[in-house]
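Notes for the one structure printed next.
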Amino acid sequence: MRFCTTLAALGVATIVAASTAGAQTQIFGSGAAGPNFFNPQGANAGVRVYNNCFVELPPSATQAEITEARLTLFRLANAPAVNIELFAVEMTFDGTAFNIGTQTSLGVVSLPEQGAAGNFTINAIPASPVTLTLETVSNPGLGGFWIAWNEVSGAVGTNQQGARTAGAPAIGASINGFGMFNFNGSGIFEAFFGFGAGVPARFMVDVFGSVVGGSSCVGPTPNYFEPEPCGDDFNGGCNSPPFTPVDIISPNQIIAGTFWADADTRDTDWYEFTTTEPTNLTVEIYSDGPGAAILVDAICPPTVIAVTGFGCPGVLTFDCLPAGTYRIVALMTVFNGFPCGSGDVNEYTLVVSNEPAECDPICGAGQDCCEVSETPGCSDEICCDLVCSVDSFCCLIAWDFLCTQLAADFCGLPCPGICELSGNDCCAAATTPGCSDPTCCEFICLLDPFCCDTAWDQLCADQALEFCETCTPPECPFTCTGTAEGEPCGEDTNGGCNSVFPVFGVVNCNETICGTAWASGGTRDTDWYVLDLADETEITVTITSQLPMVIGIVNTTDCATATELNPFAAGDFCGTATFTVTLPAGTHWVFAAPAVFNGFPCGSGNNDYALTVSCASGPVCTENPDQSGDGCVSGADIAIVLGNWNPTTPGTPGSPGDVNCDGLVSGADIAVILGAWLTGPNCP
């Protein structure tokens with residue numbers, strides 16, 4: 001069992017394993033009655049501490065069996081009787097945040113009334129062993145259990161002497177962000193870095209049991225050591241432009257290396273090898289962390305040939321790898337949580353095994369070079385070799401459509417192009433390239449090669465609507481009730497900053513403008529409206545239109561520096577777009593424009609839109625962690641949240657205790673306070 005060391009970079013407490021208690025093995029806890037992480041004394045007596053932990057299972061482990069849990073609780077004088085439940089919550093880590101799984105009760109114990117302060121009450125549960133099973137299908141090999149105590153009796157807000165949590169933390173939250181009430185009658189919340197005055201009530205948990213399955217993932221003895229220390233970048237390959245440094249290795253090598261993942265990036269180690277004959281390749285990676293290895297060619301950007309699976313070890317095999325130069329990339333599968341210094345998880349062993357193989361030829365056999373196939377190579381040996389020298393994918397993975405087009409370009413073969421093969425409607429967007437009318441398809445692809453290279457997207461379809469006789473815009477019935485724009489289609493009386501001399505229309509709060517817009521010849525109409533606000537106001541801008549439109553606000557009333565804020569595309573024909581934003585008092589500019597530059601000339605029958613600006617009434621709520629108004633975010637602000645606790649029935653946003661303006665007074669508000677803890681001009 002790993003004691004919260006692997007995920008320390010995420011703010012998880014580091015727990016030192018204790019000696020055994022009797023015949024049992026302690027798998028989580030502090031392990032001592034004197035000075036320890038939970039109960040500091042002496043020079044550390046003033047330190048407030050965590051009181052929970054995330055217990056990570058080792059690689060390939062699937063279960064933890066809990067045989068005993070011990071609660072040590074320091075309580076203040078005259079504490080009332082309470083019932084306490086121990087529970088475990090399954091948690092998996094996806095590389096960025098924790099995902100919450102099944103919650104399991106481990107049992108309930110009763111704490112009697114407390115006499116003098118400083119007494120300890122020790123209880124042991126469960127009554128019989130409890131087995132916790134980790135779901136590993138969606139996140140194999142990286143997860144564990146969050147273990148905590150929860151008060152299950154007494155009225156919240158009046159019984160501050162017992163331990164209490166609000167259940168498992170939310171996705172992405174600090175997994176140590178729970179705590180306990182203390183100070184009878186004061187309402188102070190003792191939490192992760194949440195302190196009250198005086199001596200806090202606090203507790204610690206020791207959990208005993210065993211892990212089912214799993215062990216440290218150790219590979220065979222290495223014969224090559226990566227020269228790059230953890231944190232440096234000596235062999236970043238294609239991720240280190242303009243140079244592509246790699247480690248040159250020999251076949252059949254066992255490599256010891258290091259890698260890391262932190263701050264949304266990760267280390268990649270590139271190893272290059274050359275084989276002079278067809279080979280059967282096996283790659284294994286051994287790592288306690290979320291490690292993987294990828295086989296690629298020696299070109300940047302590379303072609304991915306194969307990837308190791310999960311497990312200990314992760315393995316990839318590739319039979320009949322053609323002679324040539326290749327690279328193996330060792331890396332973590334996540335981008336956070338494992339900086340250098342995280343322990344064994346920063347280390348890996350990479351085993352590369354090559355065996356000569358007798359293989360059928362890739363080039364000179366198989367299907368015609370103008371035919372798409374799921375297997376690599378084609379029947380024309382000379383053409384096949386030429387194509388594969390340009391794109392190794394064609395001889396390693398499959399002879400796809402791009403390979404046939406390379407055969408047409410480099411070998412002069414009469415291979416059909418995408419405009420002859422595609423079944424897409426030229427007048428509608430598609431996720432694949434080309435369309436079914438060869439004349440229209442070829443003309444549009446001359447204007448925009450993207451349409452035949454990547455996808456026949458909405459812009460391709462819009463151009464087809466304008467330039468191809470086979471396409472006509474679909475009918476879009478439209479009715480608008482409101483103020484007429486005043487600008488006939490094709491004129492420019494409200495072009496705003498897009499006009500030679502800036503000219504504007506006007507829109508007021510809770511008004512609808514009935515306007516027209518056009519897009520043709522690679523340009524488009526833009527309509528700008530002045531919006532004056534007497535006070536800070538939350539506005540909602542909505543547009544319904546016959547043609548795809550975008551709407552937005554600009555950040556200034558100076559055309560030289562105006563940039564868009566909050567633009568939202570309306571989508572396809574007869575689309576709708578909307579957004580909400582809070583604006584300060586003063587003058588603002590609202591604009592509306594087609595989302596395309598072709599396909600909708602004036603007179604096309606699809607030029608109308610309805611633009612509505614709705615203004616909210618009443619004060620605008622803004623997030624405010626300093627609920628007490630004393631100039632420092634502290635326990636006084638948490639006390640206000642607890643005094644107005646209302647996590648289920650929405651109230652007025654911004655009312656006392658509603659820190660985040662969601663209308664509820666709940667743990668989410670405490671989380672905001674903890675995130676801004678001890679900030680403000682009057683903090684000590």
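The values are calculated or read from the model by the stated rules, or taken from the named source; none is laboratory data. Computed from a predicted structure; not experimentally measured. Don't worry about glycine lacking a Cβ; one is built from the backbone with ideal geometry, like all the others, and counts go over all protein chains shown. Protein only, heavy atoms only, side chains kept; ligands, DNA and RNA dropped before computing areas. Shrake-Rupley method; radii C 1.70, N 1.55, O 1.52, S 1.80 Å.
Summary of computed values
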quantity	calculated
Contour excess over end-to-end distance, with Cα ends at ALA585 and ASP344 and 0.36 nm allotted per residue	81.1 nm
Cα gyration tensor category, rounded, prolate or oblate, for region 249-398 with a/c compared to 1.5	prolate
Net charge of Cβ neighbours under 13 Å - reference GLY521; Lys, Arg +1; Asp, Glu -1	-2
Nearest-0.05 FRET efficiency for ASN555 and THR303, computed from C-beta distance (R0 41 Å)	0.40
Sorted peptide list for 544-550, 425-431, criterion being average Cβ within 10 angstrom, highest first	544-550, 425-431
Residue-span extension gain [GLU65 to GLU469] - 0.36 nm each, minus C-alpha spacing	138.3 nm
Label point distance in nm, SER389-VAL108, each placed 7 Å from Cα along Cα→Cβ	7.9
Dipole moment magnitude, nearest 20 debye, region 210-357 about Cα centre, only Lys, Arg, Asp, Glu C-beta charged	220
THR454-ASP319 FRET efficiency (beta carbon distance; Förster radius 30 Å; 0.05 resolution)	0.40
Counted charge near SER614, where neighbours are those whose Cβ lies closer than 10 Å (Asp, Glu -1; Lys, Arg +1)	-2
With 5 Å bins from 0: P(r) over region 541-684, alpha-carbon pairs, percent	2, 9, 14, 12, 11, 11, 11, 10, 8, 5, 4, 2, 1, 0
Inter-site label distance for ALA428 and ASP368 at 7 Å from Cα along Cβ, in nm	3.1
Region 471-536 - percent relative contact order, Cα under 8 Å, separation 6 or more	34
Translational D in µm²/s for region 322-365 (Stokes-Einstein at 4 °C, 1.567 mPa s, Kirkwood Rh from C-alpha pairs)	88
Relative contact order (percent, whole number), region 357-447, Cα cutoff 8 Å, 6+ residue spacing	20
Label point 7 Å beyond Cα of SER353 along Cβ direction - residues of region 262-296 with amide nitrogen under 19 Å	273-275, 278-287, 292-295
Estimated dipole of region 215-292 in Debye, rounded to 20 [Cβ of Lys and Arg +1, of Asp and Glu -1, Cα centre]	180
Per residue accessible area of region 588-645, 1.4 Å probe, in Å²	36
Accessible area per residue in Å² at 1.4 Å probe, computed on region 507-562	36
FRET efficiency, 1/(1 + (r/R0)^6) with R0 30 Å, evaluated for PHE225 and ILE397 via beta carbons	0.40
Around GLU355: net Lys/Arg minus Asp/Glu count, Cβ-Cβ under 15 Å	-4
Debye-sum result for region 401-484 in log10 I(q)/I(0), which assumes one identical scatterer on each alpha carbon, at q = 0.18 Å⁻¹	-0.72
